[in-house]
1. Is region 82-102 home to any residue that is over 30 Å from residue 138 (Cβ atoms) and either at pLDDT below 95 or assigned to a helix (DSSP H, G or I) (or both)?
2. Taking residue 152 as the residue in question, decide whether it is under 14 Å from the mean Cα position of the chain (by Cα) and either at negative phi or at pLDDT 95 or above (or both).
3. Please determine, by comparing only the residues of region 147-156 that are touching a residue at least 40 places away in the same chain (Cβ under 8 Å) and loosely packed, with under 15 Cβ neighbours inside 10 Å, which one is farthest from residue 47 (Cα to Cα).
4. So which residues in region 105-146 are touching a strand residue (DSSP E or B) at 6+ places or on another chain (Cβ under 6 Å), surrounded by fewer than 15 Cβ atoms within 10 Å (Cβ to Cβ) and within 22 Å of residue 37 (Cα to Cα), if there are any at all?
5. Among what's in region 16-48 and is assigned to a helix (DSSP H, G or I) and more than 14 Å from the chain's Cα centre (by Cα), pick the residue that is farthest from residue 147 (Cα to Cα).
6. Go through region 58-81 and report how many residues are more than 23 Å from residue 121 (Cα to Cα) and part of a strand (DSSP E or B).
7. Just to check your reading of the model, which residue among 51, 114 is outside any helix (DSSP H, G or I), touching a residue at least 24 places away in the same chain (Cβ under 8 Å) and within 30 Å of residue 134 (Cα to Cα)?
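The values are calculated or read from the model by the stated rules, or taken from the named source; none is laboratory data. Just so it is clear, the structure is predicted and the values come from calculations on it, not from any experiment. Cβ coordinates were reconstructed from backbone atoms using ideal geometry, including for glycine residues, and neighbour counts include every protein chain displayed.
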């Protein structure tokens, strides 16, 4: 009888333990800060699918810097370069499908957001789009990649510092 009572007590205690909740469709732990940064990244993802370079530029911080990950710095660019890259690349593409799987979020600010707080979002990207190849025929490449987005809270919204 004591053994049965002990098992029942343990089961009820474990049932009352706080379970960690996640942001819907992800394995990212729920917090208002994590939710707000993923909402900003989702706005970015939708703007890419719409090929809306103007909206994308409103999401970019004036200090934006893209290190293309190559040994040479010749392919790195800042805010003005991003404007050219987005305008030229998105103009050539149509029927864009751009999905992201949110793998993790890391933030400097653990409490309330304050201007200057930074967050990194690790994503897996699965994308396809239609472009004209060198022969003028429609081509639809599939692209898969992993990326890390860096954003900064400006006091009212998240701005992209890199990763776009």
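1. No, there is no match, as no residue in region 82-102 is over 30 Å from residue 138 (Cβ atoms) and either at pLDDT below 95 or assigned to a helix (DSSP H, G or I) (or both).
2. So residue 152 passes the test.
3. 155
4. Of everything in region 105-146, those that are touching a strand residue (DSSP E or B) at 6+ places or on another chain (Cβ under 6 Å), surrounded by fewer than 15 Cβ atoms within 10 Å (Cβ to Cβ) and within 22 Å of residue 37 (Cα to Cα) turn out to be 106, 108, 124, 126, 145, 146.
5. 16
6. Within region 58-81, residues that are more than 23 Å from residue 121 (Cα to Cα) and part of a strand (DSSP E or B) number 0.
7. Among 51, 114, only 51 is outside any helix (DSSP H, G or I), touching a residue at least 24 places away in the same chain (Cβ under 8 Å) and within 30 Å of residue 134 (Cα to Cα).
Results for (1) touching a helix residue (DSSP H, G or I) at 6+ places or on another chain (Cβ under 6 Å); (2) surrounded by fewer than 13 Cβ atoms within 10 Å (Cβ to Cβ); (3) modelled with pLDDT of 95 or more, shown as yes or no for each residue.
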position: 17; (1), (2), (3): no, yes, no
position: 28; (1), (2), (3): yes, no, yes
position: 62; (1), (2), (3): yes, yes, yes
position: 80; (1), (2), (3): no, yes, yes
